[in-house]
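**Student:** Have a look at the structure that comes next, please.
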Amino acid sequence: MASIARSLRLARLSAVSATIRAPAYRAVFIRPFSVTASNAIRKYTKEHEWIDISADKKTGVVGISEYAAKTLGDIVYVELPEEGLEVQAGDAIGAVESVKSAADIYSPVACKITQVNLLLEEKPGTVNQVPEDDSHGGGWIAKVQLTEQGLKDFEALMDADAYAEFTAAESDH
Amino acid sequence: MQRSRSIAVASALRGVCRSQTQTWTRNAAVRRFISTVVAAPVVQQPKSSFSASVVRQQAVRPTQIRTQARRSYASSSSNAPLQKTALYDLHLRYGAKMVPFGGFHMPVQYSSLSVIQSHLFTRSHASLFDVGHMVQRLFSGPGAAQFLERITPSAASALGEHRSTLSCIMHADGSGGIVDDTIVTKLTADKFYVVTNAACRDKDNEYLRKEMAKWNAEPGHESLQVKEEQLSESGLIALQGPEAAPILSLLLPKDFNLRGLLFGHSAYTPLMLPGSNTQTSPVLISRGGYTGEDGFEISIPSPAETVTITEAILSAGGPEKVQLAGLGARDSLRLEAGMCLYGHDLDDTTTPVEGALSWIIPKERRGPDAGYYGAEKIAKQLVPKAKGGEGVERRRVGLIVEGAPAREGYPIVTAEGEKVGVVTSGCPSPSLGKNIAMGYIKEGLHKVGTEVQVVVRGKPKKAVVSKMPFVPNKYWRGESA
C-alpha cells in the first residue's frame, strides 16, 4: 500500500504549503454551494453527502459536502468504494479521514458503484479543496448507476437550500 | 428507512490537556455530524438509534467499535451547562472552533492553522494551549503525603519540593484499576498540587471526598488530617515547543534561572509584563507538558491575570513563533509522544502495569506491602509469569499501521485472524507521515517488531508493534543531557 503512504506525505506537504497561500486556501471554503454541475440536479443527505444525477436520471456522482469537508479538516486518507458494489441508501461505501477523525461515507441512494475517483488515493486533500466538484480533478468520490429505488431515494433528499438551512441549524448546536 | 446516523466520526479530537497526563473524554451524547466531529472524542460513534442498514453493516464491522463508543465518563457534567475558562472570549477573538469537552467550551482549533499545521508548528516553534478546564487541586495538612501514598503508587513523602511526578489514582477495591491519571507536584512537605482530568471531575471529586473522609476519621489520624482545596479561580495554560523557553524568558524576572528549571521541576514566580513595567501575582511554572516538547504549564491565580499573561506570551513571541493551539493538535501531539489519554488508553479496568506505566512506581513502592490501593495486585503483576509472578495478560503498546489510520476500538488480530487486542488511540502522525496508534495487545505479542494486523472497516492492515514515543521527546534535563 505504498500509494497510501505517499498520499499521506502529499497531504502533509500540501497542508504546509497552505500556510503560505492561506488566503487562496480559505477562499475555497466560502464558495457557495452550487458552483459545479449546473446541468445536473444536486441533492444532499443529512449525513452530508451530495449526489448529482444526470438528466436521464440513470447515473449520478457522489461526494461529501463542503460543510463536511471543512468540518473534518485536513483530509489525509480516503477509502474509496469498490467498483461494482451494489448498495442501498445508507450503506457505508467508504471513508474519509483527517488527523482527528474518521468519517464513513454513506451511499445517498440505492445504486451500483461504476467508477471511483482514483485521484483521491494520491491527493486526498482534493476533497478539502473542491469537495463538491464532480469534474475531472474534482473531489467527488464515486460515479454510480441508480436503481429504481435509488431514484425514489433521490427524490427524498434535500436540495441545496434545504441543506444549507440544515447545516446552519447544526452549526448552532 | 429511518436514518438517524450521520457521517460517523471516529476518534475525533481527543487532544487534551494535562500536565503530561490529562484527559479528554468522549461525549456519548453526540449524535450529529458537526457535534461528532467537533464535539468529543467519539469513535465511529454509534448514533442514538440504528437503522436496519447499520445493523446490517455491523455484520462486517467490528462490533466493539460501536459498543465501546458507548462508554462514557459522563458523570462529568454531561447535563450541566458548559462552563467557560477564563480565556473563552480570547479564544473566540482568535477564531477558535469551540467544542464541549470535560464540561467546558474548549477550542479544538483556531482559524489561523489547520490541525496538521498547528501540530507541526508546535514541533517547530511553540504553541499555547488553554488547559484551564483541568482540575487543579491542593492537598494540604500533616497527613497529605501519606494520604497520597495510599491513593497513588507514588512516593509523595520522598518527592523533592517543587518536583512533579506522573501518577495514577488507584481504585480502593484493590483491583489495581485506575480512577484517573494525574500529575502530583510537591510544593512543601505538607502541600501538594495535583492536576486531574476535566473529564473525570465528578468521578474524582466523589472518590476523593470519600477517601479523605475515611482517612481523616481513622484512629491515629487525628494528627494526620488532610484537606483539599480546588483552585477553581486559577487559569492553566501550557506553552509547548522549542520556542517555549526563549519566549517565556522574555517575561521572567531577570534573576530567574530558567536553565536550572529542569523537566519535572516547578517554581513560583511573578511574571513581568513587557512594556508596562508591571509585575503579575506569583504564578506556578512547571516544566513539562503533554506534547513531548520542552515546555511549561503555568497556573495563574486569577481569571483576569490568565488573560493578561496569555496575551503577553502571544505578543512577546509574536505570531511567527507562538500560536494558540487547540485540542485537535494536542491529541496528535500526545499520541506521537506516546502519552496516555485517560478514558481511552487507560480506564477503570486497566492497571499501571498493563498500561506500560510501571515506571511511575518507585522501586521502594513495588512490594505487596507498599500500602497503596492495589499494591498487592500490582506487586504480583510486576513479576512476570516466567519468574513466578502473575504478570499481565495484556499490555499497552505502540503500533505503526500501514494503509488506513487505525482508530480507537479497531481490533488487533494475528495473521490467522485471531483477535489479540484492541486499538485505544490512533491517528495519522503529522510529523512522521505514518499511521500511529496505541492499544492493548496480548502478553507475548507486545515486543517491538512483532507483526500483527489491525482491522480497519473490516479489512486487515499490516501493523508492527513499535517503540514509544513515536517522536523522541525533547524535555529539558540540563546542560549535559
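**Student:** Under 20 Å from the Cα of B:K214, which lysines turn up, not counting those fewer than eight places away in the same chain?
**Tutor:** Output for B:K214: B:K191, B:K203, B:K227.
**Student:** Here is a further query. Checking the cross-link filter: which lysines have an alpha carbon closer than 16 Å to that of A:K43, excluding same-chain neighbours under 8 positions apart?
**Tutor:** Partners within reach: A:K57, A:K58, A:K143, A:K152.
**Student:** In percent, what relative contact order does region B:393-471 have, based on Cα pairs under 8 Å that are 6 or more apart in sequence? Don't jump to the answer; show the numbers that get you there.
**Tutor:** Working: 205 pairs, mean separation 30.9, N = 79.
Averaging sequence separation for qualifying contacts and normalising by length gives 39 percent for region B:393-471.
**Student:** Here is a further query. Near B:K467, which lysines are there with a Cα under 18 Å away, not counting those fewer than 8 places off in the same chain?
**Tutor:** Partners within reach: B:K434, B:K442, B:K447.
**Student:** Once phi is turned into ³J(HN,Hα) by the Karplus curve 6.51 cos²θ - 1.76 cosθ + 1.60 with θ = phi - 60°, what whole-Hz value does each residue of region B:456-466 show in order, with x for glycine and proline?
**Tutor:** With the stated coefficients, region B:456-466 comes to 10, 6, x, 10, x, 10, 5, 9, 10, 5, 10 Hz.
**Student:** Shifting gears a bit: If you keep only loop residues by DSSP, which GluC sites (Glu not before Pro) in region B:386-439 have at most 14 other Cβ atoms within 10 Å of their Cβ?
**Tutor:** Here the sparse-neighbourhood loop sites are B:E393, B:E416, B:E418.
**Student:** Now for a separate question. Calculate, for B:A217 and B:R163, the FRET efficiency according to 1/(1 + (r/R0)^6) with r their C-beta to C-beta distance and R0 30 Å; round to the nearest 0.05. Don't jump to the answer; show the numbers that get you there.
**Tutor:** On the way: r = 30 Å, r/R0 = 1.01.
That pair, B:A217 with B:R163, gives E of 0.50.
**Student:** Label-point separation (nm) for B:E416 and A:I41, each offset 7 Å from Cα along Cα-to-Cβ?
**Tutor:** 5.6
**Student:** So, R0 is 41 Å and r is the distance between the beta-carbons of A:E82 and A:A169; what FRET efficiency does that work out to, to 0.05?
**Tutor:** Taking R0 as 41 Å, the efficiency between A:E82 and A:A169 is 0.75.
**Student:** Using a simple spin-label model with points 7 Å from Cα along the Cα→Cβ vector, what separation in nm is obtained for B:Y268 and B:S124?
**Tutor:** Each label point lies 7 Å from its Cα, and together they span 4.1 nm.
**Student:** Would any residue of region B:135-164 have its amide N under 14 Å from a label point 7 Å out along Cα→Cβ of B:E233? List them or say none.
**Tutor:** None, by backbone N distance to the label point.
Values quoted throughout were computed directly from the atomic coordinates according to the rules given, and no laboratory measurement underlies them. Remember, it's a predicted structure, so these values are computed and weren't measured experimentally. FYI the Cβ positions are ideal-geometry reconstructions off the backbone, even for glycines, and counts take in every protein chain you see.
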